[in-house]
1. Using modelled amide H (1.01 Å from N, peptide plane; none on Pro or chain starts), what sits under 5 Å from the amide H of THR62, excluding residues fewer than 5 places away?
2. How far apart, in nm, are two points set 7 Å out from the Cα along the Cα-to-Cβ line at LEU146 and at HIS79?
3. How many nm is it between the label spots at VAL25 and LEU115, if each spot is 7 Å from the Cα in line with the beta carbon?
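Bear in mind that the values in this text are calculations on the coordinates, not laboratory data. Values in this document were obtained by computation on a predicted structure and should not be read as measured data. Quick reminder, even Gly has a Cβ in these numbers, built from the backbone with ideal geometry, and neighbours come from all protein chains shown.
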Amino acid sequence: MELSEYTETLRREVATVTRFAGEDVARAGQLIADSLDSSIRLTLLDVLSGAAAEITSRLDDTAIELRLSSGDPAFVVVHAAPDLATPPPPPPPPADLARGGGDEETGTSRVTLRLPDGLKTRAEAAAARDGLSLNAWLVRAASRTLDDQPEFTPPPARRGPGQRITGYARS
């Protein structure tokens, strides 16, 4: 699936909307559309990944994976081995995230993560077992890990013998 046709459609729409506004506004619209290209592609990939996960959740013994090849997404149908039990569907997001509240931001950010080959292979296998893309599985794993840990508080400063605290304080 080629994403360029979708990003080009958006560029044409921006040009159509701004064509009567004057040359400066039209140029600004074109610059904005050009600069948003990677964000638009990432958003489209998120939508496609979500669609694959939702379709997978409704199928028995079959997973729909979204794979990238040279930057172009492709859906791949993966059938589970007949002797393996079907994994449970992924849990719903926490209520505050589903509402868009909490401390989480509503946007997404791209992060480059370098993993040892063995760890990447294990993570891909776990994602496939859960019927998720590797990205969705990593997001879920990071979220669970962070939700399970208390807020970080630095340990109190240690003072050696003979050291005193000086200064003024108000109560």
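1. ALA80
2. 4.0 nm
3. Spacing of the two 7 Å Cα→Cβ label points: 4.8 nm.
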